[in-house]
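This report refers to the structure that appears directly beneath it.
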Amino acid sequence: MYKFSLPLAALMLLALSGCSSPGGSAALGVLGGAAVGAGGYEYNLKTQKDRIDDDLKDGKIDQKEYDIRKDQIGRDSLVQ
């Protein structure tokens, strides 16, 4: 959670400073929305990866299934 709070605080500061001009606040709103959306998407992928790691450790899936799922998650990631 701490990783997201510092960028969020910086984004809020930029948003407040850009509110003095209509164009600035609109642009910051678009960028802020995109950043939050992408961050949420990557967080979901990390959660999925953690889940398959646990499933492998618990013996719920085998190594082949783990590799397939990990590859799928990697292909879905925006950060590669």
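Any read-out appearing in this document is the output of simple, stated calculations on the displayed coordinates, not a laboratory observation. Here the structure is a predicted model, which means the values were calculated and not measured. Note that we place each Cβ from the backbone using ideal geometry, even for glycine, and neighbour counts take in every protein chain shown.
Both numbers refer to the Cα atoms of segment 39-80; Rg and Dmax are 10.5, 30 Å.
Using θ = phi - 60° in the Karplus curve 6.51 cos²θ - 1.76 cosθ + 1.60, the 3J(HN,Hα) couplings for segment 64-70 round to 5, 5, 4, 4, 5, 5, 5 Hz; x is entered for Gly and Pro. Couplings for segment 43-57, taken from phi via the Karplus curve 6.51 cos²θ - 1.76 cosθ + 1.60 with θ = phi - 60°, read 4, 4, 5, 5, 4, 5, 5, 4, 5, 6, 4, 5, 4, 5, 4 Hz in order; Gly and Pro are left as x. In this label model, Asp58 and Asp71 are separated by 2.5 nm, measuring between points 7 Å along each Cα→Cβ vector.
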